[in-house]
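All remarks here apply to the structure that follows.
The values are calculated or read from the model by the stated rules, or taken from the named source; none is laboratory data. Computed from a predicted model, the values in this text were never measured in an experiment. Neighbour counts are summed over all protein chains in view; Cβ atoms, including those assigned to glycine, are modelled from backbone coordinates with ideal geometry. SASA here: full protein model, heavy atoms, side chains in, ligands and nucleic acids out. Shrake-Rupley method; radii C 1.70, N 1.55, O 1.52, S 1.80 Å.
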Amino acid sequence: MYVYGKNVAHELIDTKQKIEKVYLYKNFNDQSLVNEIKKLPVKIEWLDKKDLDHLCHENHQGIVLRVPEFSYCDSDEFTKKEDSLVVLLDHLEDPHNFGAIIRTCEAAGVDGIIIPKDRGVSVNPTVIKVSTGAIFHTPIARVTNLVQTMDRLKKEGFWIVGTDMEGTDYTEIDYKGKIVLVIGNEGKGMSSLVAKNCDFIASIPMRGTTNSLNASVAAGIMIYEAIKGRK
């Protein structure tokens, strides 16, 4: 997988992630980063902008790195913790939303994220870039069936809090204990089966003419409300 950007490069180096090869713009001017890369046992290839653009169609800032595919963890790694706070994403599609949610989860101290294996965004170069390195500090599990996973977590003592326009005011819900926050798809929201298996449905009041929030914004509001309610 090809990832890109100076911040991503710094995080890969700082967290000692495996880097297979580094591609740099011939006129790359961040000498301190170059010096850090030269300390690694990795080959550097200097390219012109056209060749870098061919490797990566995004704003790569003059650096592209080839790394192994992202390694997902088992959800048991973070759901066994006492009073775990977990975010479950119900088939999100936008990598920018996913990356922003990862960043918020890491900043807020969320224990882990669960995503489905199919019909949703997975970890890709855009997600890694948008997360600004938070992805290397955030456990992410990928499961075959969200509803079955929710049922298992309920048996382990979790309360499942879904999000929808029609529900209880999100500030009135008790977030103490083991909690899963469910964030629905950008356009469709939660699927009917996922919604049916939630213990609570939380709603963020809309005071203006806008009738919905971006998924990553809604996730941020819910995450920090849950943290406030757990103190």
P(r) of segment 115-231 over all Cα-Cα pairs, 5 Å bins starting at 0, rounded to whole percent, reads 2, 10, 19, 23, 21, 16, 8, 1, 0
When the charge dipole of segment 1-154 is computed with +1 at the Cβ of Lys and Arg and -1 at the Cβ of Asp and Glu, the Cα pointing farthest to the positive end, of LEU12, MET150, GLY109, is that of LEU12
Segment 64-211 accessible area per residue, 1.4 Å probe, protein heavy atoms, integer Å², reads 47
With unit charges on the beta carbon (Lys/Arg positive, Asp/Glu negative), name the residue among ASN197, GLY184, ILE135 whose Cα is farthest towards the positive pole of the charge dipole of the chain. ILE135
Reach of LYS38 by Cα under 26 Å, taken over lysines that are not fewer than 8 positions away in the same chain: LYS6, LYS16, LYS18, LYS21, LYS26, LYS49, LYS50, LYS129
Based on the mean of other Cβ atoms within 10 Å per residue, sort peptides 78-86, 99-107 so the most packed one is first. 99-107, 78-86
Order by protection proxy (mean Cβ within 10 Å, highest first), peptides 49-60, 121-132: 121-132, 49-60
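About the Cα centre, and with charges only on the beta carbon of Lys, Arg (+1) and Asp, Glu (-1), how big is the dipole of segment 1-95? Nearest 20 debye, please. Could the numbers behind the result be given before it?
Values: 13 positive and 19 negative charges, 162 e Å.
Dipole about the Cα centre, nearest 20: 780 debye.
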The summed charge of the TRP159 Cβ neighbourhood (under 10 Å; Lys/Arg +1, Asp/Glu -1) stands at +1
In whole angstrom, the spacing between the Cα centers of segment 1-22 and segment 123-191 equals 27
How large, in percent, is the carbon and sulfur part of the accessible surface of segment 1-147 at a probe radius of 1.4 Å? 44
Local electrostatic count, HIS137, Cβ distance below 14 Å [Lys/Arg +1, Asp/Glu -1]: -3
Karplus couplings for segment 5-11 from phi (6.51 cos²θ - 1.76 cosθ + 1.60, θ = phi - 60°), rounded to Hz, Gly and Pro as x? x, 5, 4, 4, 4, 4, 5
Given a 1.4 Å probe and every protein chain left where it sits, what share in percent of the accessible area of segment 165-231 is carbon and sulfur? 52
Cβ-Cβ cut-off under 13 Å around GLY220, Lys and Arg +1, Asp and Glu -1: the net charge is 0
Amide H within-cut-off set for TYR4, under 5 Å, with H built and near neighbours excluded: LEU65
Semi-axes of the equivalent ellipsoid for the chain, Cα gyration tensor, largest first, Å: 37, 18, 15
How high is the relative contact order of the chain, given as a whole-number percent (alpha carbon pairs under 8 Å, six or more residues apart)? 20
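Give, rounded to the nearest 20 debye, the magnitude of the charge dipole that the chain has about its Cα centre when Lys and Arg contribute +1 at Cβ and Asp and Glu contribute -1 at Cβ.
Values: 29 positive and 32 negative charges, 105 e Å.
My answer is approximately 500 debye.
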Enumerate the amide H contacts of GLU93 below 5 Å, restricted to partners 5 or more residues apart or on another chain; note that Pro and chain-start residues carry no placed amide H. VAL121, GLU186
